[in-house]
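Read through the structure below, which is laid out as structure tokens, and then see the notes.
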Amino acid sequence: MPWASRAIAEHGPHLLDTVVASRALQARLLDAGVELALSRVRNPALGATTLPDRDGYLGQGALLTELERVLTHIADETPLLLILDDLQWTDRSSADLLLQLARNVREHRILVLGAYRPAGPPSLADPRRHPLEPVVHEIGRLGSDAVLDLDRADGRAFLDAWLDSEPNRLGERFRTALFRRTAGQPLFTIELIRALQERGDLARDASGRWTEAATLRWDVLPERLTGVLGERIDRLEPVTRSVLRVASVEGELFTTEVVARVLEREPRAIARELGDVLDRHHRLVGGID
């Protein structure tokens, strides 16, 4: 943190209170016993491209220039990993910034790791496209195509790898029960495991290994998980939501013909809604034949 803070102070002063909260950063430095003056003043060594506008702030292009200078300065000292989570909520301006960053730091020791849910908010220009879709395609065109689709990964292998990332005594019976409820879907798997740990249904034994508790309950979903599901369902169009609602009444396994009859719609139209929208786009159902 001290090294990164000095890089900001020397190479990106206009990032303070624009990208980075200076007071919070100053407080953390003081807690760490580091004395470093942080202020939003122009560093003449940065060149004319970083001159602020008439309101004292930089435009997006100049801010990006300062951000690149800070990151590359840090990367010259040590390899840098940037982790960007929940990118499905990014706006168009931030997506453009991410793309420019990917283009301009390729020769430096910087790895950008971004995570997003493909069924996030749609693009304003084209509601059928994910806002990050053009960015992902362009990064692939630049030769940095390294996309891991966790929904297409081996669910049971992911589940086992996640459990075994910490010492445990969780046997096949527990793993089978967990897989039956999550199908190895990463978000559901992780949230359910965390909920079991927080509730005490999974606890560490004397040797520090996770093990099942006698109070283990599978019938209570964590609030975070129900919140994520509710959020995704609320974003559906009313017609699509009605298809999902009727299908859920039939049960975990349902038939297109029954849903179509209840809604008084053509089975082909329901099949398209289930396959194209709910399965391939939103990934809220699976196994559509």
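Every number here is computed from the coordinates shown, using simple stated rules; none is lab data. Bear in mind the structure is a predicted one, so any value in this text is a computation, not a measurement. No Cβ is skipped: glycine too gets one built from the backbone with ideal geometry, and neighbour counts run over all protein chains shown.
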Residue by residue through region 185-201, what is 3J(HN,Hα) from phi via Karplus (6.51 cos²θ - 1.76 cosθ + 1.60, θ = phi - 60°)? Round to whole Hz and write x for glycine and proline. 4, x, 4, 5, 4, 5, 5, 5, 4, 4, 5, 4, 5, 5, 7, x, 5
Counting only residues 5 or more places away or on other chains, whose amide H sits under 5 Å from the amide H of Asp17 once H atoms are built in the peptide plane? Ser22
Candidates per GluC sites (Glu not before Pro) in region 216-289, loop by DSSP, up to 11 other Cβ within 10 Å: Glu252, Glu264
Chain lengthening between Glu77 and Glu133 when straightened (0.36 nm per residue, less Cα-Cα): 16.9 nm
Report the residues of region 1-36 in range of a label on Arg109: point 7 Å along Cα→C-beta, backbone N strictly under 19 Å from it. 1-8
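Where Lys and Arg each count +1 and Asp and Glu each count -1, what net charge lies around Ala7 among other residues with Cβ under 10 Å from its Cβ?
Within the 10 Å Cβ shell, the charges total -1.
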Can you list residues from other chains, or at least 5 along the same chain, whose modelled amide H is less than 5 Å from the amide H of Gly114? Leu84
Length added when fully stretched, Ser165-Glu257, from 0.36 nm per residue minus Cα-Cα: 28.7 nm
